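Undergrad: Take a look at this one; I'll ask things after.
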Amino acid sequence: MLKKKMLKALNKQINAEMYSSYLYLSMESYFQSVSLAGFAAWMRSQVQEEMYHGMKFYDYVNERGGKVVLEAIAKPEGDWKTPLAAFEHILHHEQMVTALINNLMELAGAEKDHATKIFLQWFVSEQVEEEASVGEVVNKLRLIKNDSSGLFLLDAQLGKRTFTLPQQDM
Ligand code: FEO
């Protein structure tokens, strides 16, 4: 059984992951609007991945006998000046999510909730990957600057991404 404080924090994280999904969906719409279909497809995969993260927390709360309480999802931003501005925004967002996961880990430690610590370990590793993949695109966009052929090449590369459920959940 989850302790009250832990349950509240995990419920809050479900909302944070759902907000992430919503933010990426908003970015997908932005990239569609500027005809960068590859960037938009990359965002769609990320929408699904964030939804998966949220559901992973959802299932865990249920598994531990807790009640999931869903809160309102905040309105995400809808426009960015450039693809680089959008990716810098999500890099900042992912760094914030990493801090949230670290806070949860600290709370689980303080509450001596070993099961939750083990559960959160997956997210600690996942955040390293998330920050790295977004950071890589940020770096490429900084190199590209105003070179449209570089942007179209990157668009084609990002468009190849597809979301597949991690092995253990298939
Ligand atoms: Fe669910 Fe991108 O962190």
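The values are calculated or read from the model by the stated rules, or taken from the named source; none is laboratory data. Owing to the predicted nature of the structure, the values given are computational and were not obtained by experimental measurement. For neighbour counting, all protein chains shown are included, and Cβ atoms are generated from backbone atoms with ideal geometry for every residue, glycine included.
Undergrad: Give me the pairs, please: first residue somewhere in region 26-42 and without any contact (Cβ under 8 Å) to a residue 12 or more places away in the chain, second residue anywhere and crowded, with 19+ Cβ neighbours inside 10 Å and of a type in the set (A, V, I, L, M), beta-carbon distance under 6 Å, and either six or more positions apart or on two chains.
TA: That search, which allows pairs on different chains as well, returns GLN32/ALA40.
Undergrad: Something else now. Does any residue of region 41-48 turn out to be buried (at least 18 other Cβ atoms within 10 Å of the Cβ), more than 16 Å from the ligand (Cβ to nearest atom), among the aliphatic types (A, V, I, L, M) and at pLDDT 95 or above?
TA: Scanning region 41-48, I find at least one residue that is buried (at least 18 other Cβ atoms within 10 Å of the Cβ), more than 16 Å from the ligand (Cβ to nearest atom), among the aliphatic types (A, V, I, L, M) and at pLDDT 95 or above, so the answer is yes.
Undergrad: Please specify each residue of region 68-121 satisfying the condition of being of a type in the set (Val, Ile, Thr) and over 30 Å from SER33 (Cβ atoms).
TA: Answer for region 68-121, where residues must be of a type in the set (Val, Ile, Thr) and over 30 Å from SER33 (Cβ atoms): VAL68, VAL69, ILE101, THR116, ILE118.
Undergrad: Given the options LEU25, LEU2, name the one that is over 18 Å from SER125 (Cα atoms), surrounded by fewer than 19 Cβ atoms within 10 Å (Cβ to Cβ) and among the hydrophobic types (A, V, I, L, M, F, W, C).
TA: LEU25
Undergrad: Right, another one. Among the residues of region 1-35, which ones are touching a Ser or Thr at 6+ places or on another chain (Cβ under 8 Å) and away from the ligand (no atom under 14 Å from the Cβ)?
TA: Listed by number, the residues that qualify are LEU2, MET6.
Undergrad: Going residue by residue through region 66-78, is there one that turns out to be in a helix (DSSP H, G or I) and of a type in the set (Asp, Glu)?
TA: no
Undergrad: Going through THR164, THR116 one at a time, which residue ends up being touching a helix residue (DSSP H, G or I) at 6+ places or on another chain (Cβ under 6 Å), among the hydroxyl-bearing types (Ser, Thr, Tyr) and more than 14 Å from the ligand (Cβ to nearest atom)?
TA: THR116
Undergrad: So in region 87-113, with the set limited to residues that are away from the ligand (no atom under 16 Å from the Cβ) and without any contact (Cβ under 8 Å) to a residue 24 or more places away in the chain, which one is farthest from LYS145 (Cα to Cα)?
TA: LYS112
Okay, residues lined up against (1) surrounded by 12 or more Cβ atoms within 10 Å (Cβ to Cβ); (2) farther than 14 Å from ALA16 by Cα:
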site: HIS53; (1), (2): yes, no
site: PHE57; (1), (2): yes, no
site: TYR60; (1), (2): yes, yes
site: ILE73; (1), (2): yes, no
site: GLY78; (1), (2): no, yes
site: THR82; (1), (2): yes, yes
site: ILE101; (1), (2): yes, no
site: GLU111; (1), (2): yes, yes
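Undergrad: Still on this model: May I ask you to verify whether GLY135 is within 16 Å of the ligand (Cβ to nearest atom), of a type in the set (Gly, Ala, Ser) and in contact with a helix residue (DSSP H, G or I) (Cβ under 8 Å, 6 or more places away or on another chain)?
TA: Against the criterion (within 16 Å of the ligand (Cβ to nearest atom), of a type in the set (Gly, Ala, Ser) and in contact with a helix residue (DSSP H, G or I) (Cβ under 8 Å, 6 or more places away or on another chain)), GLY135 qualifies.
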